[in-house]
Amino acid sequence: MKILVTGGTGYIGSHTVVELQQQGFTTVIVDNLSNSQAGVIDSIEAITGIRPVFEQFDLVDRERTADFFSRHADLKGIIHFAAYKAVGESVEKPLMYYRNNLVSLMNILEGMMLNNIPNLVFSSSCTVYGQPDELPVSELAPIKKAESPYGNTKQISEEVISDTIRSSKLNAIALRYFNPIGAHDSALIGELPLGVPNNLVPFITQTAIGLRQQLSVFGDDYNTPDGTAIRDYIHVVDLAQAHVVAIKRMIGQQMKKPFEVFNLGTGNGYSVLEVIRSFERVSGEKLNYRIVGRRAGDVEQVWANPAFSNNELGWKALKSLDEMTASAWKWEKAYRSRQ
Ligand code: UFG
């Protein structure tokens, strides 16, 4: 059972490759290393004992992608992570985001159709819901106008997939992630943002280890119990396991319709201050932070209704917030000690 994982050296991709290999799948990684390092392949091998096949190229390159698929027509499925994902950067460089995230998807769909590769799992985001009218948010909630070009690429990608499936024999599952954090228990793979982190948890751990001076908490005047914004944080290994469940569902022909959408969250919302407190509790470190103004484009609060995923996929996120922040800290310390 051979599965292509695009973006397989990235944060969620690498954890998913590990879970796939541990459940007996053969994996092929395609990544252009634009936001990851080739050394991740060694770490995957160290964890699983199996070295995934790795091809370094850009999926925006139509000819290279077509050539890849013609050589791997025996693929049973594709998990497509490879994409740019920084909200702020997408506002500065919208064309870069549209070209990268959409053209690569179209090249993959074309390769699937030409080579009869039937199954696609797509990395989507809860960003498609914007600020939902009702919480927790279910898959039936309306799609709101995107706050950023990045968010728009996720919305458009879901539409491109849905339209393509309607006119072909392909199947797809879009997984709408809430906020993935934490790292593999081995501390051999984890989140490794290049440059200054945009996301909360890597900024916390980099501040605690001394790489950043101070965490800025973006806003304490939201309409939430402590005034800081609320998210549904999910452990990256729980998230990775959902991808294996999704690909098995497709291969086992258990889908109820050719394009399915699932929320991947825990159903629990935590504020920024609650995440900081959890980090301080599990690490024993005092975090240097200060409250600043809101960050443009942030929603106030969002957390998932995971009932549909739990029932249909038979999957559930298991890790607690403390387990998530502890694993992020363990990874940060282990990674820096190896440098
Ligand atoms: N935050 C801070 N300080 C920081 C970084 C983040 O206070 O230095 C706050 C944010 O304002 C937000 C929360 O921490 O309230 C979480 O922020 P992240 O940047 O970690 O995550 P987001 O919820 O903004 O973004 C995530 C994904 C995006 C996706 C979005 C959809 O990273 O890819 O969810 O809501 F688009």
Could you work out what % of the accessible surface of segment 239-339 is carbon and sulfur, using a 1.4 angstrom probe and leaving DNA, RNA and ligands out of the count? 47
How large is the accessible surface per residue of segment 155-237, computed with a 1.4 Å probe and reported in Å² as a whole number? 39
Would you mind telling me the share, in percent, of accessible area of segment 93-143 contributed by carbon and sulfur at probe 1.4 angstrom? 61
Between Asp221 and Gln253, what FRET efficiency comes out of the Förster formula 1/(1 + (r/R0)^6) with R0 = 51 Å and r the beta carbon distance, rounded to 0.05? 0.50
Would you mind getting the Kirkwood hydrodynamic radius of segment 50-194 from its Cα pairs, rounded to one decimal in Å? 16.7
Normalised by the residues of the chain, what does the relative contact order come to in percent, with Cα pairs under 8 Å and at least six apart? 19
In whole angstrom, the spacing between the Cα centers of segment 35-110 and segment 183-219 equals 24
Highest-first arrangement of 172-180, 94-102, where packing means the average Cβ count within 10 Å: 172-180, 94-102
If R0 = 41 Å, then Ala307 and Gln339, at their Cβ-Cβ distance, give a FRET efficiency to the nearest 0.05 of 0.45
Go ahead and run the numbers for FRET between Glu134 and Lys93, Cβ-Cβ distance against an R0 of 25 Å, rounding to 0.05. 0.15
Run the helix sum for the chain: -39,500 (n - 2.57) per DSSP H stretch of 4+ residues, divided by residue count, reported at 222 nm to the nearest 500 deg cm²/dmol. -12000 deg cm²/dmol
Just report the Cα centroid separation between segment 143-182 and segment 279-298, whole Å. 30
Dipole magnitude of the chain about its Cα centre, charges +1 at Lys/Arg Cβ and -1 at Asp/Glu Cβ only, in debye to the nearest 20? 340
With a 1.4 Å probe and all protein chains left in place, how much accessible area per residue does segment 91-138 have, in Å²? 44
Any idea of the accessible area per residue across segment 270-339, 1.4 Å probe, to the nearest Å²? 54
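The values are calculated or read from the model by the stated rules, or taken from the named source; none is laboratory data. No experiment lies behind these values; they were computed from the predicted model shown. So basically every Cβ, Gly included, is an ideal-geometry build from the backbone, and we count neighbours across all protein chains shown. In case anyone asks, the SASA skips ligands and DNA or RNA and just uses the protein heavy atoms, side chains included. Shrake-Rupley method; radii C 1.70, N 1.55, O 1.52, S 1.80 Å.
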